[in-house]
Amino acid sequence: MPQNRAAFIPTQSGRLQVSEAPYPKLGSSDIIIKTHFVAINPVDWKQQDHGIFIQSYPSIFGVDVAGVVEEVGSQVTTFKPGDRVIA
């Protein structure tokens, strides 16, 4: 299984950390992106400091990303593995 690292807050009172994270489970309408670049966005610190948009913990951060599609779900028709993407 591929390695996966993420920036996340483990608990509501926890501090941001970067470490190994579970590899995501692919849903039928999901894509998995091998990240090449990430950007810090103002929403990232607001999530960390104020807990906005966080629905559960651990909460993985990152809303700006560029990379390559690794896997696609069974219902995905717009992307295929190897496509370069930004989000």
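The values are calculated or read from the model by the stated rules, or taken from the named source; none is laboratory data. Given the structure is predicted, the values throughout are model-derived calculations rather than measurements. Please note: Cβ atoms are built from the backbone with ideal geometry, for glycine as well, and neighbour counts cover all protein chains shown.
Within segment 4-13, is even one residue touching a Leu at 6+ places or on another chain (Cβ under 7 Å) and either among the small types (Gly, Ala, Ser) or assigned to a loop (DSSP other than H, G, I, E, B) (or both)? Yes, segment 4-13 has at least one match. For segment 32-71, filtering for residues that are modelled with pLDDT of 85 or more and over 15 Å from the mean Cα position of the chain (by Cα) leaves 0.
If the requirement is being exposed (fewer than 13 other Cβ atoms within 10 Å of the Cβ), of a type outside the set (Lys, Arg), free of Cβ contacts under 8 Å to residues at least 60 places away in the same chain and more than 20 Å from Asn4 (Cβ to Cβ), which of these qualifies: Pro42, Pro81, Pro22? Let's see the steps before the verdict.
On the way: Pro81 fails: more than 20 Å from Asn4 (Cβ to Cβ); Pro22 fails: more than 20 Å from Asn4 (Cβ to Cβ).
Checking each option against the conditions leaves just Pro42.
In the set (1) surrounded by 10 or more Cβ atoms within 10 Å (Cβ to Cβ); (2) at pLDDT below 90; (3) among the polar types (S, T, N, Q), the condition left unmet by Ser29 is number (2).
Any residue in segment 51-72 that is in a helix (DSSP H, G or I), in contact (Cβ under 8 Å) with a residue 24 or more places away in the chain and surrounded by 12 or more Cβ atoms within 10 Å (Cβ to Cβ)?
In the first step, residues of segment 51-72 are kept if they are in a helix (DSSP H, G or I); the result is none.
No: segment 51-72 contains no residue that is in a helix (DSSP H, G or I), in contact (Cβ under 8 Å) with a residue 24 or more places away in the chain and surrounded by 12 or more Cβ atoms within 10 Å (Cβ to Cβ).
Kindly indicate whether any position in segment 14-36 is over 24 Å from Thr78 (Cβ atoms), among the polar types (S, T, N, Q), part of a loop (DSSP other than H, G, I, E, B) and out of contact with any helix residue (DSSP H, G or I) (no Cβ under 9 Å at 6 or more places or on another chain). So far as segment 14-36 goes, no, none of its residues is over 24 Å from Thr78 (Cβ atoms), among the polar types (S, T, N, Q), part of a loop (DSSP other than H, G, I, E, B) and out of contact with any helix residue (DSSP H, G or I) (no Cβ under 9 Å at 6 or more places or on another chain). Just one of (1) over 17 Å from Ala7 (Cβ atoms); (2) in contact with a Gly (Cβ under 7 Å, 6 or more places away or on another chain); (3) among the β-branched types (Val, Ile, Thr) fails for Thr35. It is (1).
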